Amino acid sequence: MGTVTIGVSIAVPEPHGSLLQERRTGFGDAAAHGIPTHVTLLPPTEVEPDALPAVEAHLAQVAAVGRSFPMRLSGTGTFRPLSPVVYVRVVEGAEACAWLQQRVRDDSGTLVRELQFPYHPHVTVAHGIDEAAMDRAFEELAGYEAEWSCTGFALHEQGSDGVWRKLREYPFGGTVVPPQAAHIDRGSLPTR
């Protein structure tokens, strides 16, 4: 059995998540349908399937010491020409996201991961599409605003179909919420 590709992220809650995913699709980003709207804490990372219990235990420890914090999105930015990405900016909560991602990418050996670029929390709204569509995404979402209270993060796995699926939610200061129970016992967790 080969490796699995996982990622850790903060969900952008409804109605914002669906709206930004629809806009991303509308700009011509074919991958948008399989990527829930999020702020990345751990980029796509390959792990052995038998490492997942240790990963889940590690993430539970990170979440246990985390505390809710305000998140606010405002306006757009781009990583072009370095990387073909247009994003919505995280203007409040960026420091907390940076703190979390450092702990998720721990140095104890569970999820050690070097980043291709310095960490910059953001919400991707266009990736790898033609320049005119990237410009349109940058301009059309320049006035976009959203805010919510971030109360945790989630572990996702990318399927062979390219779709990212949630494996577990990790509420701050709490216990793991299995996906089958998440629809019943969400408490104040943000929803997709």
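Here, each number is a calculation from the coordinates, and none is a lab measurement. Treat the numbers as computed from the prediction; the structure is a model and nothing was measured. Neighbour counts are summed over all protein chains in view; Cβ atoms, including those assigned to glycine, are modelled from backbone coordinates with ideal geometry.
Membrane-span-like helices in the chain, defined purely by DSSP H runs whose alpha carbon atoms cover 18 Å or more axially and whose average Kyte-Doolittle hydropathy reaches 0.5, are 52-65.
Charged side chains reduced to their Cβ positions (Lys and Arg at +1, Asp and Glu at -1) give the chain a dipole of some 320 debye around its Cα centre. A Gaussian network model of the chain, with springs between Cα atoms under 10 Å, assigns the largest mean-square fluctuation among Pro118, Pro171, Pro36 to Pro118.
Tell me, Asp135, Asp130, Asp50 in order of fewest to most beta-carbon neighbours within 10 Å?
Values: Asp135 15, Asp130 12, Asp50 8.
By the 10 Å Cβ count, ascending, the order reads Asp50, Asp130, Asp135.
The reciprocal of the average 1/r between distinct C-alpha atoms defines the Kirkwood hydrodynamic radius, which for the chain equals 17.0 Å.
With viscosity set to 1.306 mPa s at 10 °C, what whole-number translational diffusion coefficient in µm²/s follows for segment 1-67 from Stokes-Einstein and a Kirkwood radius over Cα pairs? The partial results should precede the final answer.
Values: Rh = 13.8 Å.
The calculation lands on 115 µm²/s.
Pulled fully out, how much extra length does the chain show between Asp135 and Asp161, if you take 0.36 nm times their separation in residues and subtract their Cα-Cα distance?
6.5 nm
Starting from 0.36 nm per residue, how many nanometres of slack lie between Glu95 and Ala57 once their C-alpha separation is accounted for?
Net length gain for the segment: 11.3 nm.
I want to make sure I understand the PRE zone here: with the label point 7 angstrom from the Cα of Val65 toward its beta carbon, which residues in segment 96-139 have backbone N atoms less than 16 Å away? Residues 96-112 qualify, since their backbone N sits under 16 Å from the label point. Here the contact order of segment 4-182, divided by its residue count and restricted to Cα pairs under 8 Å and six or more residues apart, works out to 31 percent. When the charge dipole of the chain is built from unit charges on Cβ atoms (+1 for Lys and Arg, -1 for Asp and Glu) and taken about the Cα centre, the candidate among Ala137, Leu100, Gln21 whose Cα reaches farthest toward its positive end is Leu100. Summing charges over neighbours of Arg168, with a neighbour being any other residue whose Cβ is under 12 Å away from its Cβ, gives -1 when K and R count +1 and D and E count -1.
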